[in-house]
Amino acid sequence: MTTPPEQDRLHAQLAFAMEIDKLRRIVRRNTLMDGSRRENDAEHSWYVGMLAMVLAEHAPPGIDLDRVVAMLLVHDIVEIDAGDTFIYDASAVEAQAGLERKAADRIFGLLPDDQAARLRALWDEFEERETPEAKFAKALDRIAPILANHHNEGGTWSLYKVTAEQVLEKVKIIEEGSPTLGAYATEIVELSVSRGHLARA
C-alpha cells in the first residue's frame, strides 16, 4: 500500500515542526532584560518578531511587514545545527556562513518542496540584507541585544570586554534598516559609556 501524497506532506511538515522545537534548547549569550538568565533562540525570534510589529512605523515606507516578521521567525532556525555565534567573536563569525548554509540545506529540506523553497528564500533574503525588509529585520535583530545589555548594566558587553567601538560597528547595520532606530541605538551606547557600563577601546 502506498502512502497518499497528502499524508507524505503532513509527515514532512510534522518532521520539520518537531525539529524546530530544538530551537528552544539553543542558549544565546545575551540575558533577559532583568538579567535573571540567558535567553534561548526561540525566545529571541519571538521577541524580535514582536519588535517588528511594534516598531513598524520606524521602518522604510511601503515595507512588507508580514515578510519582515516571517524572516525574523526563521532567521535563527539554522542555529539548531550551527549553534549561536557571538557577534564579537571574529573567528566564530568567519566560520558562521558555511555552517549556517549547511544547516539551512538540511533543516528547510525537511519540508515539502514548495514550503522549503519559501522558507529558505526568507532565510536567504535576511542573510543577504539587500531588500528594505531584510535591512529592517536585521536592524531589529541587532538592536535587541543592545537594549538587553543597556538594561543589564553592560550585560555581555562587560562580561566579554566588548568596547563601544565594537558595538557602534553593529549600530551601522541598525542605521541601514532604520535611521530612527540607529540614532536611538547610538544614544544608548553613549549613555552606557557615560554610566561606566561600556568601555571605550
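The values are calculated or read from the model by the stated rules, or taken from the named source; none is laboratory data. Computed from a predicted model, the values in this text were never measured in an experiment. Because the Cβ atoms are built from the backbone with ideal geometry, glycine has one as well, and the counts that use them run over all protein chains shown. Note: areas computed on protein heavy atoms with side chains; ligands, DNA, RNA excluded. Shrake-Rupley method; radii C 1.70, N 1.55, O 1.52, S 1.80 Å.
Listed conditions (1) open to solvent by 30 Å² or more (accessible area, probe 1.4 Å); (2) free of Cβ contacts under 8 Å to residues at least 60 places away in the same chain are all met by residue 154, apart from (1). Name the single residue that is nearest to the chain's Cα centre (by Cα) among those in the stretch 140-151 being of a type in the set (A, V, I, L, M) and surrounded by 21 or more Cβ atoms within 10 Å (Cβ to Cβ). Step by step, filter the stretch 140-151, then rank; the result is 140. Against the conditions (1) in contact with a Gly (Cβ under 7 Å, 6 or more places away or on another chain); (2) at positive phi; (3) not basic (Lys, Arg), residue 154 satisfies every one except (1). When residue 28 is tested against (1) open to solvent by 30 Å² or more (accessible area, probe 1.4 Å); (2) within 20 Å of residue 149 (Cβ to Cβ); (3) among the basic types (Lys, Arg), just one condition goes unmet, and that condition is (1).
Taking the stretch 125-139 as the range and being closer than 14 Å to residue 74 by Cα and open to solvent by less than 10 Å² (accessible area, probe 1.4 Å) as the test, the residues that pass are 126, 134, 137. For the stretch 75-119, which residues satisfy the criterion of being surrounded by fewer than 14 Cβ atoms within 10 Å (Cβ to Cβ) and outside any helix (DSSP H, G or I)? Within the stretch 75-119, 89, 109 meet the criteria. Consider the stretch 126-154. How many of its residues are over 18 Å from residue 51 (Cβ atoms) and touching a Ser or Thr at 6+ places or on another chain (Cβ under 9 Å)? Result for the stretch 126-154: 2.
Just one residue in the set 122, 72 is hydrophobic (A, V, I, L, M, F, W, C), open to solvent by less than 30 Å² (accessible area, probe 1.4 Å), over 18 Å from residue 40 (Cβ atoms) and under 13 Å from the mean Cα position of the chain (by Cα); that residue is 122.
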